[in-house]
Amino acid sequence: MTFTKKFLMLMILNMMLIAISMPFNLHLETFIVLNGLALILVMVDYYITPVKKVFHIERIGDYKLSLLEEEIISFKVYNKDSAIATIEVLHEIPSTFECNNSILKGKINPHTNEEFELMVKPTKRGTFILKEIYIRRQGKLGLIKKDTVINCVEEYKVYPSLKNLQKYHKMLRKDYLLSSGNNIIKKKAQDGEFESLREYVKGDDIRKIHWIKSAKENKLMVNQYEPENNKHIYILLDTGRSMSYQVNAYTKLDLGINAALFLSDVACYNKDKSGLLVFNRKVDTFIKPSKGDHHRNRILETLYQIEGTKFTSSYEEALFHLSKYEKRRSLICIFTDIDTLQEVDYIQKSLGYIIRKHHVVMFLLKDEKLQEATKINIKNKKDVYIKGIAYKMSDERKKIIRALHAIGVTSIECDGEDIVYKAVNEYMKVKNTNIL
């Protein structure tokens, strides 16, 4: 129980009356009477204001939340009392949920529901159990507030950014994705069954020109074919030390998960099969290539609860496992990061067989702090040292990418969320060629 401002005002009034009574030598009697009256009023307010078993709480809304997106946790409170209830609601939330105001206020009419919405921003993926909700009700006389705790257990799941995925899906429905810059990569039909005729555009294979139809239409027309389907697209996700660093508000692992999830969706949309391999010092998860809603949900449920580690990942384990299960030529998309040329030497040994049999693409995330360090204005010796180290590390990065290309691995460096577009566009390039 706590006291309200109204009670404090009452006590201030009592003190003023006691002060007025002092010249008449009645201050002791006045003190006893007024404070006794105040105590009686508080006791009456306490007993006529029921709290326990008066409120019923039911959670409503979506229990799927998006990482680093503003989300609403909703619940409704039912007032069983015959009087209006003025309440404050405090919701217990996980420490990984950012919340500007966890105390909600409202009035609930007798025998009615009132909905409350708590705005949160989850900063970590995974499953979170929300339990207690604290209700503080103002007394009917307005002098005190009574508290109660109601258990309302519900499981909330924080997924990779589902809102971003919805945005990407809108672009998918237009049959193209924007890469970095303003370039557009569209799905191109070829090497399959004849689908239709369309007007020639620059870059089309002249061997596909339909000369008879072109003569009739008085413009160049080309044959368009349905692309081959059921290609195998493997997504390899590194959860080791190199993926634990921050890029803006996300970790590199979070960005890799976003890209992996959407790439799987795009492959399914284009009637190909996607597989998933999550690895660190060993293979943690392996999902064979498939497609359909059940497969998509399985990948989503796997990706949202992945935890990063501080260990160095074993490519040897991951790639040996993959080569053991996959015999047909496939696209291998690896989301990882490499710090040194020595790591490339280690990867080269592990990639030997895979490169000969499959088309391998590696997506690396740029270090934003490193980029900032190369642009700092030099003011002192410390700045000279920092900038020098940054340029040395940037040069090492270029050597890493060249070394990967030299052994047959297409390596693509990405900025933040740009990894989603680049991953999908690289898949579309492969889809539009005879690489697989």
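Does Lys145 qualify as being among the charged types (D, E, K, R), in a loop (DSSP other than H, G, I, E, B) and under 16 Å from Glu88 (Cβ atoms)?
No: the conditions fail for Lys145.
Only one of Ser21, Ser82 is of a type in the set (Gly, Ala, Ser), free of Cβ contacts under 8 Å to residues at least 40 places away in the same chain, more than 22 Å from Lys121 (Cβ to Cβ) and surrounded by 14 or more Cβ atoms within 10 Å (Cβ to Cβ); which?
Checking each option against the conditions leaves just Ser21.
Given (1) buried (at least 16 other Cβ atoms within 10 Å of the Cβ); (2) within 17 Å of Asp337 (Cα to Cα), identify the lone condition not met by Lys387.
It is condition (2) that Lys387 fails.
Among the residues of segment 269-276, are any under 23 Å from Ile401 (Cβ atoms) and either in the same structural domain as Val424 (by TED's automatic domain parsing) or touching a Lys or Arg at 6+ places or on another chain (Cβ under 9 Å) (or both)?
No, segment 269-276 contains no residue that is under 23 Å from Ile401 (Cβ atoms) and either in the same structural domain as Val424 (by TED's automatic domain parsing) or touching a Lys or Arg at 6+ places or on another chain (Cβ under 9 Å) (or both).
Within segment 71-93, count every residue that is at pLDDT 90 or above and in a loop (DSSP other than H, G, I, E, B).
Residues meeting the conditions: 5.
Among the residues of segment 282-297, is there at least one that is touching a Leu at 6+ places or on another chain (Cβ under 6 Å) and touching a residue at least 60 places away in the same chain (Cβ under 8 Å)?
no
Does Glu117 count as at pLDDT 90 or above, of a type in the set (D, E, K, R) and touching a strand residue (DSSP E or B) at 6+ places or on another chain (Cβ under 9 Å)?
yes
Please pick out the residue among Tyr234, Tyr250, Tyr315 that is within 24 Å of the chain's Cα centre (by Cα), under 26 Å from Arg402 (Cβ atoms) and surrounded by 20 or more Cβ atoms within 10 Å (Cβ to Cβ).
Matching residue, one of Tyr234, Tyr250, Tyr315: Tyr234.
Out of (1) over 30 Å from Val153 (Cβ atoms); (2) crowded, with 17+ Cβ neighbours inside 10 Å; (3) touching a Ser or Thr at 6+ places or on another chain (Cβ under 8 Å), the odd one out for His27 is which?
(2)
So which residues in segment 282-308 are among the β-branched types (Val, Ile, Thr) and either touching a Cys at 6+ places or on another chain (Cβ under 8 Å) or surrounded by 16 or more Cβ atoms within 10 Å (Cβ to Cβ) (or both)?
Val283, Ile287, Ile299, Thr302, Ile306
Determine whether segment 362-370 contains at least one residue that is assigned by TED's automatic domain parsing to the domain that holds His232, free of Cβ contacts under 8 Å to residues at least 24 places away in the same chain and exposed (fewer than 15 other Cβ atoms within 10 Å of the Cβ).
yes
Just to be sure before I move on: is Ile87 surrounded by fewer than 14 Cβ atoms within 10 Å (Cβ to Cβ), of a type in the set (Val, Ile, Thr) and assigned by TED's automatic domain parsing to the domain that holds Asn113 in the structure I sent?
The answer is no for Ile87.
Can you tell me which residue in segment 253-276 is surrounded by the fewest Cβ atoms within 10 Å (Cβ to Cβ), limited to those that are part of a helix (DSSP H, G or I) and more than 20 Å from the chain's Cα centre (by Cα)?
Result: Tyr269.
Yes or no: Phe279 in the same structural domain as Asn425 (by TED's automatic domain parsing) and either farther than 30 Å from Lys366 by Cα or surrounded by 22 or more Cβ atoms within 10 Å (Cβ to Cβ) (or both)?
yes
Is there a residue in segment 2-23 that is part of a strand (DSSP E or B) and of a type in the set (Ser, Thr, Tyr)?
Checking segment 2-23: at least one residue is part of a strand (DSSP E or B) and of a type in the set (Ser, Thr, Tyr).
Just to be sure, is Ile133 buried (at least 18 other Cβ atoms within 10 Å of the Cβ), in contact (Cβ under 8 Å) with a residue 12 or more places away in the chain, farther than 30 Å from Leu10 by Cβ and more than 25 Å from the chain's Cα centre (by Cα)?
Criteria met by Ile133.
Inside segment 321-336, can you point out the residues that are out of contact with any strand residue (DSSP E or B) (no Cβ under 9 Å at 6 or more places or on another chain) and within 19 Å of Gln348 (Cβ to Cβ)?
The answer is Ser323, and nothing else.
Residues in segment 289-322 that are aliphatic (A, V, I, L, M) and outside any helix (DSSP H, G or I): how many?
The qualifying residues number 1.
Do you know which residues across segment 383-397 are over 30 Å from the mean Cα position of the chain (by Cα) and within 16 Å of Leu364 (Cα to Cα)?
Asp395, Glu396 - these are the residues of segment 383-397 that are over 30 Å from the mean Cα position of the chain (by Cα) and within 16 Å of Leu364 (Cα to Cα).
Among the residues that make up segment 90-99, is at least one of them out of contact with any Ser or Thr (no Cβ under 7 Å at 6 or more places or on another chain) and of a type in the set (Asp, Glu)?
Looking for residues that are out of contact with any Ser or Thr (no Cβ under 7 Å at 6 or more places or on another chain) and of a type in the set (Asp, Glu), one finds at least one in segment 90-99, hence yes.
Which one is surrounded by the fewest Cβ atoms within 10 Å (Cβ to Cβ), of the residues in segment 38-70 that are in a strand (DSSP E or B) and among the aliphatic types (A, V, I, L, M)?
Out of the qualifying residues, it is Ile60.
The values are calculated or read from the model by the stated rules, or taken from the named source; none is laboratory data. From a predicted model like this one, the values you see are computed outputs, not experimental measurements. Because the Cβ atoms are built from the backbone with ideal geometry, glycine has one as well, and the counts that use them run over all protein chains shown.
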